Amino acid sequence: MAEQTKPFDSKLQAAALLLPTIVVLVAFLYYPSLETFRLSLFESAFLGQDLRWTGISNFVELATSSTYRNSFVVSVLFAGVVVIGTLVLSLLISYMLFDVDLGSSSYLVAAIWPYALPPAVAAILLNFLLHPNLGIFTHYLELLTPWTLDWFNSGPQAFAVLAIVAIWKQLGYNIIFMVAALNNIPETLTESAQLDGVGRLKMLYKVYVPLISPTLIFLVVMNTIYSFFSTFPLVDLMTSGGPSGATNLLIFKLYRDAFEFSNYGLASAESVILFVLVAILMYIQLRATEGHAQYGG
Amino acid sequence: MARIQLTDLEKQYDDVLAVKGIDLEAQDGEFLVLVGPSGCGKSTTLRMIAGLEDITSGTLRIDDEVVNDVPPKDRDIAMMFQNYALYPHMTAAENMKFGMKSVSDFSSDEIDQRVEEAAETLDIADLLDRKPKELSGGERQRVAIGRAIVREPEVFLLDEPLSNLDAKLRVQMRAELLRLHEELDSSTVYVTHDQTEAMTLGDRVAVLDAGELQQVAPPQELYDFPANRFVAEFIGEPAMNVFSVDIRERNGHYVADHAGFSISLPDGEGLDTASDSSVSMGVRPEDISLASNLPDDAETFAVETTVREPLGELLLLHCQLGDDEIHVKVEPRSEIQPGETIEVGFDEDRLHVFDARSGDALYHSTAPEPTKSEAVATE
């Protein structure tokens with residue numbers, strides 16, 4: 001350890017090699033972020049050509065807007081449902097995939113496949129499958145259960161359908177990580193439990209979940225980000241935020257404010273709030289689970 | 001205590017026959033060691049006994065009951081793994097309790113009491129609140145043993161339990177395992193690739209190679225009367241010297257001819273089969289002595305020393321004998337140097353002859369005990 005070889009001849013060379021990355025980060029991440037923050041303090045008109053300093057009035061307007069507050073509540077609820085639903089479902093599916101002896105790779109491909117589908121394609125396909133009048137899924141659901149599917153008009157139904165689609169879309173991503181984490185658990189632990197006669201469910205929540213907790217925490221954070229930011233195409237193509245704001249997620253609302261109503265200042269303020277909200281949530285998640293995660297041993 | 005019987009046990013993986021028809025029995029309370037090189041099927045055999053591997057064919061009985069299809073948890077066995085298989089997120093005590101808690105017929109007082117007792121026996125009472133990562137290798141080993149014994153199983157299965165420990169600890173744990181086995185009075189099947197472990201621990205040792213059982217015998221018998229060339233060379237360190245010889249009959253007695261020597265063999269069973277055919281002769285390094293240490297009438301021959309390995313307790317010489325290299329153990333402080341020619345001879349009571357092709361033992365210059373007593377009776 002005494003002698004460390006220097007990877008670079010000079011600091012200048014190191015800086016030169018870092019430059020392309022820094023340029024990309026600055027151009028596409030830091031500059032837009034700062035510009036968004038700056039824009040949130042202005043009122044804009046004519047596609048942002050005409051800017052007028054208004055201070056925090058954009059934020060005040062949002063705080064007092066009932067549409068915005070509704071959108072905020074809907075987004076947080078939606079994130080909660082999607083994060084928990086995705087984790088629970090993928091955990092169960094992953095556990096079954098991990099447990100199965102025969103043909104596990106074909107099951108794995110089947111489980112991961114939805115993730116490989118572009119969100120827009122998935123949204124349009126599911127729109128057909130779940131269409132209240134034409135959907136083949138709707139047909140059988142109504143045939144076999146007393147329910148009627150009318151999510152074009154019913155707010156709660158639209159919310160549920162959107163959440164299910166969002167969960168379905170995110171399962172693959174979670175399953176890849178969970179199966180990998182489960183497969184990393186030494187097989188002898190499973191065998192030892194088999195000899196002791198430990199039940200499978202007990203094994204899952206007493207042994208496997210604690211052992212893959214680092215992966216689960218990572219997935220909670222990634223799913224949170226996903227549910228706030230990456231569900232835009234689903235909302236846009238399936239519900240357009242309706243009916244009457246029931247699925248009007250923050251990310252969708254800010255898009256409309258910016259590009260339909262050309263209110264860049266207001267949309268920027270919404271962006272800032274969304275960013276701060278997700279950042280706070282991630283901070284809480286990481287702090288709350290600190291010390292609980294099992295990192296090897 | 002329990003009796004484990006393996007009858008024609010086989011394990012087939014896709015295109016590999018890993019275990020080929022093993023017949024083996026572990027008696028009540030016996031310490032049986034399965035030993036062999038890696039890939040010989042010893043672990044697979046153990047895992048079939050545990051129920052962690054399906055049995056392709058043959059029968060497995062525990063206490064005369066066929067358990068081929070009995071799930072592992074109902075076989076009343078405890079197994080210890082090479083990596084100990086402790087749950088990293090649980091303390092030592094929780095690790096020891098976890099399995100028992102899953103079996104409903106223990107009250108929690110009973111569990112606590114048993115864990116306490118086991119901790120006492122294993123001298124780990126003050127480590128019970130620690131997690132595995134806070135324990136040393138030896139301590140983890142003890143916790144793993146503790147977890148196995150709290151359930152008081154009929155059968156203990158141990159899969160290379162000592163190979164992750166350093167040499168000194170291994171010797172210590174070996175003694176401890178023996179003491180524990182005496183105390184618990186259960187049947188133990190122990191898998192290892194280390195012949196020293198096998199010799200020191202086993203009441204009987206089963207040697208496996210390429211999925212086949214080569215020999216089962218008490219350690220000393222295995223060493224003195226190997227059933228074939230594989231066992232002869234696997235057991236003992238350094239390995240037995242084996243070289244090709246021709247056996248000829250001369251005046252009613254048999255003589256072994258080699259490029260480097262020609263010696264007469266004590267009469268015994270099997271020499272007539274071996275004569276006039278090419279066979280292998282085996283002599284352990286300690287059964288070759290310098291001529292000066294042999295009786296005057298002993299047959300000796302000259303070999304050239306090529307390498308000198310002082311091992312402290314003895315001196316190991318590599319010598320050229322015709323086209324073969326042989327190992328000879330001599331007194332540690334001998335002044336023999338490489339290049340020197342020395343006069344040596346065999347201990348005529350400790351010679352072995354193997355079939356050149358099948359490797360089966362044809363002749364031991366001293367007959368194994370049972371055969372010997374029989375011979376005495378008929379005379």
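The values are calculated or read from the model by the stated rules, or taken from the named source; none is laboratory data. Every value quoted in this text rests on a predicted model; they were computed, and no experiment measured them. Neighbour counts are summed over all protein chains in view; Cβ atoms, including those assigned to glycine, are modelled from backbone coordinates with ideal geometry. All accessible areas refer to the heavy atoms of the entire protein, side chains included, with ligands and DNA or RNA removed. Shrake-Rupley method; radii C 1.70, N 1.55, O 1.52, S 1.80 Å.
Give the residues of the stretch A:113-158 that are open to solvent by less than 40 Å² (accessible area, probe 1.4 Å), touching a residue at least 60 places away in the same chain (Cβ under 8 Å) and hydrophobic (A, V, I, L, M, F, W, C), sorted by residue number. Passing the criteria: A:Ala122, A:Ala123, A:Leu126, A:Trp151, A:Ala158.
Does B:Asp324 satisfy the criteria of being in contact (Cβ under 8 Å) with a residue 60 or more places away in the chain, open to solvent by 40 Å² or more (accessible area, probe 1.4 Å) and under 30 Å from B:Glu212 (Cβ atoms)? Here the answer is yes, as B:Asp324 does meet what is asked. A single entry from B:Ser43, B:Ser38, B:Ser102, B:Ser108 fulfils the requirement of being within 8 Å of chain A (Cβ to nearest Cβ) and within 30 Å of B:Leu135 (Cβ to Cβ): B:Ser102.
Filtering the stretch A:51-62 for residues that are small (Gly, Ala, Ser), in contact (Cβ under 8 Å) with a residue 12 or more places away in the chain, surrounded by fewer than 19 Cβ atoms within 10 Å (Cβ to Cβ) and in a helix (DSSP H, G or I) leaves a non-empty set. Candidates A:Thr36, A:Thr21, A:Thr67: the one that is more than 30 Å from A:Leu108 (Cα to Cα), without any contact (Cβ under 8 Å) to a residue 60 or more places away in the chain and not in a loop (DSSP other than H, G, I, E, B) is A:Thr21.
Scanning the stretch B:171-188 for residues that are open to solvent by less than 10 Å² (accessible area, probe 1.4 Å) and more than 17 Å from B:Gln141 (Cα to Cα) yields B:Ser186, B:Ser187.
Restricting to the stretch B:291-319, name every residue that is crowded, with 16+ Cβ neighbours inside 10 Å, of a type outside the set (Val, Ile, Thr) and closer than 17 Å to B:Phe243 by Cβ. Answer for the stretch B:291-319, where residues must be crowded, with 16+ Cβ neighbours inside 10 Å, of a type outside the set (Val, Ile, Thr) and closer than 17 Å to B:Phe243 by Cβ: B:Phe301, B:Leu317, B:His318, B:Cys319. Being out of contact with any helix residue (DSSP H, G or I) (no Cβ under 9 Å at 6 or more places or on another chain), open to solvent by 30 Å² or more (accessible area, probe 1.4 Å) and not polar (S, T, N, Q): is that true of A:Val76 here? For A:Val76, the condition - out of contact with any helix residue (DSSP H, G or I) (no Cβ under 9 Å at 6 or more places or on another chain), open to solvent by 30 Å² or more (accessible area, probe 1.4 Å) and not polar (S, T, N, Q) - is not met.
For the stretch A:194-212, name all the residues that are part of a helix (DSSP H, G or I) and within 7 Å of another protein chain (Cβ to nearest Cβ).
A:Gln194, A:Leu195, A:Asp196, A:Lys202, A:Val207, A:Pro210, A:Leu211
If the condition is being part of a loop (DSSP other than H, G, I, E, B), open to solvent by less than 20 Å² (accessible area, probe 1.4 Å) and over 14 Å from B:Ile4 (Cα atoms), then the stretch B:61-84 contributes B:Phe81, B:Tyr84. Residues that are of a type in the set (Lys, Arg) and either more than 10 Å from every other protein chain (Cβ to nearest Cβ) or under 13 Å from B:Leu157 (Cα atoms) (or both) within the stretch B:47-77 comprise B:Arg47, B:Arg61, B:Arg75, listed in sequence order. Among the residues of the stretch B:312-319, is any part of a loop (DSSP other than H, G, I, E, B) and not hydrophobic (A, V, I, L, M, F, W, C)? Yes, that holds for at least one residue.
Rundown of residues vs (1) over 29 Å from A:Thr239 (Cβ atoms); (2) out of contact with any Lys or Arg (no Cβ under 8 Å at 6 or more places or on another chain); (3) modelled with pLDDT under 90, yes/no style:
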{"site": "A:Leu51", "(1), (2), (3)": "yes, yes, yes"}
{"site": "A:Leu62", "(1), (2), (3)": "no, yes, yes"}
{"site": "A:Ser65", "(1), (2), (3)": "no, yes, yes"}
{"site": "A:Tyr68", "(1), (2), (3)": "no, no, yes"}
{"site": "A:Val83", "(1), (2), (3)": "no, yes, no"}
{"site": "A:Leu89", "(1), (2), (3)": "no, yes, no"}
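Criterion applied to A:Thr224, A:Thr188, A:Thr289 was being more than 14 Å from every other protein chain (Cβ to nearest Cβ) and polar (S, T, N, Q), and the one residue passing it is A:Thr224. Only one of the numbered conditions (1) surrounded by 15 or more Cβ atoms within 10 Å (Cβ to Cβ); (2) in contact (Cβ under 8 Å) with a residue 60 or more places away in the chain; (3) not hydroxyl-bearing (Ser, Thr, Tyr) is violated by B:Gln215, and that is (2). When we screen B:Asp23, B:Asp76 for residues that are of a type in the set (D, E, K, R) and either within 22 Å of the chain's Cα centre (by Cα) or modelled with pLDDT of 90 or more (or both), the only hit is B:Asp23. Regarding B:Asp287, is this residue among the acidic types (Asp, Glu), open to solvent by less than 50 Å² (accessible area, probe 1.4 Å) and at pLDDT 85 or above? Yes, satisfied.
Within the stretch A:239-250, is there a residue that is within 14 Å of the chain's Cα centre (by Cα) and over 30 Å from B:Glu154 (Cβ atoms)? Yes, that holds for at least one residue. Comparison of A:Asn153, A:Asn184, A:Asn174 shows that the only residue that is more than 30 Å from B:Glu154 (Cβ to Cβ) and modelled with pLDDT of 90 or more is A:Asn174. Of all residues in the stretch A:79-94, those satisfying the criterion of being over 30 Å from A:Leu274 (Cα atoms) and open to solvent by less than 70 Å² (accessible area, probe 1.4 Å) are A:Ile93, A:Ser94. Please verify whether A:Val272 is open to solvent by 10 Å² or more (accessible area, probe 1.4 Å) and either assigned to a loop (DSSP other than H, G, I, E, B) or touching a Ser or Thr at 6+ places or on another chain (Cβ under 9 Å) (or both), treating the condition exactly as stated. So A:Val272 passes the test.
Checking each residue in the stretch B:123-167 for being surrounded by fewer than 21 Cβ atoms within 10 Å (Cβ to Cβ) and small (Gly, Ala, Ser) picks out B:Ala125, B:Ser136, B:Gly137, B:Gly138, B:Ser163, B:Ala167. Condition (residue is surrounded by 17 or more Cβ atoms within 10 Å (Cβ to Cβ) and under 30 Å from A:Pro243 (Cβ atoms)) applied to the stretch A:95-106: is it met by at least one residue? For the stretch A:95-106, residues surrounded by 17 or more Cβ atoms within 10 Å (Cβ to Cβ) and under 30 Å from A:Pro243 (Cβ atoms): absent. Would you point out which residue out of A:Leu234, A:Leu286, A:Leu277 is modelled with pLDDT of 85 or more, in contact with a helix residue (DSSP H, G or I) (Cβ under 9 Å, 6 or more places away or on another chain), surrounded by fewer than 20 Cβ atoms within 10 Å (Cβ to Cβ) and assigned to a helix (DSSP H, G or I)? After applying the criteria, what remains is A:Leu277.
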